[in-house]
Amino acid sequence: MPNISNKVGEDERRFVEDVARLLTPWGVPPVAARLYGRLLLCPNSVGLDQITEDLGISKSSASVVARLLENSTLSRRHHAPGTKRALLLQSGEA
């Protein structure tokens, strides 16, 4: 499975890749599909730093695909108090 960190469990890696296989035929870029799959596994908001580490992608790629997911309403940004860093949430999270 391309680039996914060893810190992510085997079941989680398989899920992320399964989501990617489901979404790419619908025109979602593979990296965006993996990022979305990873977000689905996160119970709370997650920062781009964590996503880049988990998926083994560059921060610029993570930023671009995060924006694509936001524009598709699959995720949204959340700003934690006291920090300028944006966190990503699944679109349905409170």
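The values are calculated or read from the model by the stated rules, or taken from the named source; none is laboratory data. In this text, all values refer to a predicted model and were calculated from it rather than measured experimentally. With ideal geometry, Cβ positions are generated from the backbone for all residues, glycine too; neighbour counts draw on all protein chains shown.
A few notes on this one:
- Against the numbered list (1) at pLDDT below 80; (2) in a helix (DSSP H, G or I); (3) of a type in the set (Val, Ile, Thr), VAL31 comes up short only at (1).
- Qualifying residue in region 80-91 (condition: over 17 Å from PRO30 (Cα atoms), at pLDDT below 90 and β-branched (Val, Ile, Thr)): yes
- Inspection of region 24-47 identifies at least one residue that is among the β-branched types (Val, Ile, Thr) and surrounded by fewer than 16 Cβ atoms within 10 Å (Cβ to Cβ).
- Test: residue in region 56-69 that is modelled with pLDDT under 90, loosely packed, with under 13 Cβ neighbours inside 10 Å, over 9 Å from the mean Cα position of the chain (by Cα) and not in a helix (DSSP H, G or I): no
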